[in-house]
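Okay, structure first, notes after.
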Amino acid sequence: MQLTSKQSIASALALASCSLLSQQASAAEPIPATDDWKVDAAIMYYGEQDRVQAAEAIGNVQKAFGDSSLLDLKIVVDSLTGASASGAVAQSDSQTFTRPSGDGQYTVATGDTPLDDTFHDTRVQLSANWQEVLNQDWTGNIGVYGSKEFDYLSMGINGGLERSFNKNNTTLSLSGAFTNDVVDPVGGRPVAMSEMVFRGNYANDADYQAAFDQTRLADDDTKQTSDIMFGVTQIINRNWLMQANYGLSSVSGYMTDPYKILSEVDVNGQTQAYRYENRPDSRLKHSVFLLTKGALDSGVVDFSYRYSTDDWEIQSHTLETHYRYYFSPSMYGQLHLRYYQQQAAEFYQPFLMSGDAIPEYASADYRIGDMTAYTIGLKFGQRLSGGHELSYRIEYYQQNPENNGTEIPGQLQNYDLFPAVKAIVAQVSYSF
């Protein structure tokens, strides 16, 4: 499965497997005063209504060496099954699609949103980070990351420095990361904007295979991501702190989702053909993140805002808050609220019009279209004897794709071309 599909699911899973740079809080956690091992284990479930189902197991181990060094190891294993939106539009007749491998077809019923039932994969992710207190003012860290799934390999490195001053009330941080990804889709990479072919249109298997091969590029491809982040954390008083981060991300290489297509429709909304999408091979992203966090008489609360923009013309705003209330010294409950709003990429189109010139770039993937999304969640935790902790989390997540101003022709007005995506996230965690 292409990484672009994984990313939206990963965010819905509360960014369970982030790199150093993608973490919004740049201030390092204090190194434990003992040399004991600290282990965190979690199992998460993510389920979309009638779509993707995911199960994820996470293990995190920390080992302190004295009071200046910390080793952090993480393993994530997840399995995904179900169906994801292919990008094609609903029709008044059933629709048949060629599978990405070219071996076989699948059919979508009348009026249904086309979902690709080939969506399944298992991913294993490993990461290791070393943090070192260099002196009373400076802290450094360095790490490596690797992730493997059937058709995708990602390898990366990261590192950072933090400088504390003003009696440790102010911390400046600078971090960076580089990731190289190798994309090897099932069936090969589709030729950009080429038309899907069907076995039934050819006299024999050899002719069909030859036509299918004409829509495919045989070799794999790569993508490189370079990130840099600058942050400042300021302690306001004994109860409150504030943080501000600026991030810059440069991505180059293959960013097309090889499993997404667009419908080409006539003025009546009738599909005439299906074409494989194409996205630009470079992207420059800017982000600003602001956070305030405070200790209350009976708990802890934080508020954050994130703004992101890029040269694909995707702009987004994220508002988020957590409020943790301590029922007793050993038991707490936490409320999580998140709101997200996004403006579509300049090349996003819910469909193509037959007779118009084929654009260089186009995608009907709703995840890069106009949308709003929100999360409502509850978490309960209990401290056990021996410093152990058990916690439970349940969240409801909903994405609401929206029309970006495209005029809807003919029969397409009878269907919901921008259906909501609803999901439940459940997690059980144990720390010892």
Summed side-chain charge close to Val124 - residues other than Val124 whose Cβ falls under 10 Å, Lys, Arg +1, Asp, Glu -1: 0
The range 6-431, dipole about Cα centre (Lys/Arg Cβ +1, Asp/Glu Cβ -1), debye to the nearest 20: 1640 debye
Sulfur and carbon atoms: percent of accessible area, the range 215-349 [1.4 Å]: 56 percent
Estimated FRET transfer efficiency when R0 is 45 angstrom, pair Asn168-Tyr106 (beta carbons, to 0.05): 0.15
Leading residue at positive end of dipole, the chain (Cβ point charges), from Gly47, Asn166, Tyr339: Asn166
Largest to smallest accessible area among Glu162, Glu360 [probe 1.4 Å]: Glu360, Glu162
Greater than 23 Å apart at Cα, pairs in Lys38/Lys148; Lys148/Lys285; Lys63/Lys148; Lys74/Lys148: Lys38/Lys148; Lys148/Lys285; Lys63/Lys148
Accessible area (Å², 1.4 Å probe, nearest 10) - His388: 60 Å²
Unit Cα scatterers, Debye sum, the chain: log10 I(q)/I(0) for q = 0.09, 0.10, 0.11 Å⁻¹: -0.64, -0.78, -0.92
Virtual spin-label span in nm between Thr122 and Val144, 7 Å along Cα→Cβ: 2.4 nm
With Cα atoms, 0 to 90° folded angle of helix 3-12 axis to the chain main axis: 50 degrees
Rounded FRET efficiency, nearest 0.05, which uses the C-beta distance separating Met193 from Asp67 and R0 of 60 Å: 0.55
Förster-model FRET efficiency, 41 Å R0, Asn239 and Asp310, C-beta, rounded to 0.05: 0.65
Span from the the range 362-432 Cα centroid across to the the range 256-335 one, whole angstrom: 10 Å
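Roughly how many Å² is the accessible area per residue of the chain, as a whole number, for a 1.4 Å probe?
Spelled out: the 1.4 Å probe surface of the chain, per residue, equals 48 Å².
Using a probe of 1.4 angstrom, how much of the accessible area of the range 389-432 is carbon and sulfur, in percent? Each step should come with its number before you reach the end.
Values: 1140 of 2200 Å².
Its accessible area is 52 percent carbon and sulfur atoms.
The values are calculated or read from the model by the stated rules, or taken from the named source; none is laboratory data. Every value quoted in this text rests on a predicted model; they were computed, and no experiment measured them. Note that each Cβ is placed from the backbone with ideal geometry, even for glycine, and that neighbours are counted across all protein chains shown. Keep in mind that these areas ignore ligands, DNA and RNA; they rest on the heavy atoms of the full protein, side chains included. Shrake-Rupley method; radii C 1.70, N 1.55, O 1.52, S 1.80 Å.
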